[in-house]
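First up is the structure itself, then whatever we jot down about it.
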Amino acid sequence: MAEYLHPQADEDPTEVVSILEMVAADFGYDREQLIGRCRSSSMVRARHTAALVLRRALGLSYPQIGHALGGRDHSTAHHAVHRMTELEESSFAYRLKVAKLTVCGFNIRDGGQAA
């Protein structure tokens with residue numbers, strides 16, 4: 001990921017890219033669309049889900065998440081994680097989707113492949 005040139009000490013840009021690609025594909029998008037500027041409701045949901053998975057699977061900080069999602073601000077990343085956590089509480093289907101994506105994210109982090 002060319003625009004992702006300054007990883008923090010404990011993050012691997014290839015893991016971040018793999019998770020972004022996995023989440024984007026799950027929502028029917030590609031990574032470039034996910035980190036782009038489109039603000040349609042379905043794209044925002046996908047992007048917010050990516051923020052949540054990056055936080056849970058890799059433990060990234062909000063500034064790191066914002067950077068990975070196309071240079072967004074840390075407060076945007078925080079808002080995304082908060083909103084999707086609230087959605088999980090009210091939607092069993094969304095909770096299952098996030099659980100599946102997070103487990104795949106753990107697999108990527110641990111050197112495996114996304115399922």
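Tally the residues that are touching a Gly at 6+ places or on another chain (Cβ under 9 Å), part of a helix (DSSP H, G or I) and either in contact (Cβ under 8 Å) with a residue 12 or more places away in the chain or not β-branched (Val, Ile, Thr) (or both), restricting the search to the range 63-79.
4
Filter the range 28-42 down to the residues that are closer than 24 Å to residue 91 by Cα and either without any contact (Cβ under 8 Å) to a residue 12 or more places away in the chain or surrounded by fewer than 18 Cβ atoms within 10 Å (Cβ to Cβ) (or both) and list them by number.
Once the filter is applied, which keeps residues that are closer than 24 Å to residue 91 by Cα and either without any contact (Cβ under 8 Å) to a residue 12 or more places away in the chain or surrounded by fewer than 18 Cβ atoms within 10 Å (Cβ to Cβ) (or both), the range 28-42 yields 28, 39, 40, 41, 42.
Values quoted throughout were computed directly from the atomic coordinates according to the rules given, and no laboratory measurement underlies them. As the structure is a computational prediction, the values presented were derived from the model and not from experiment. Heads up, the Cβs are rebuilt from the backbone with ideal geometry, glycines too, and the neighbour counts pull from every protein chain shown.
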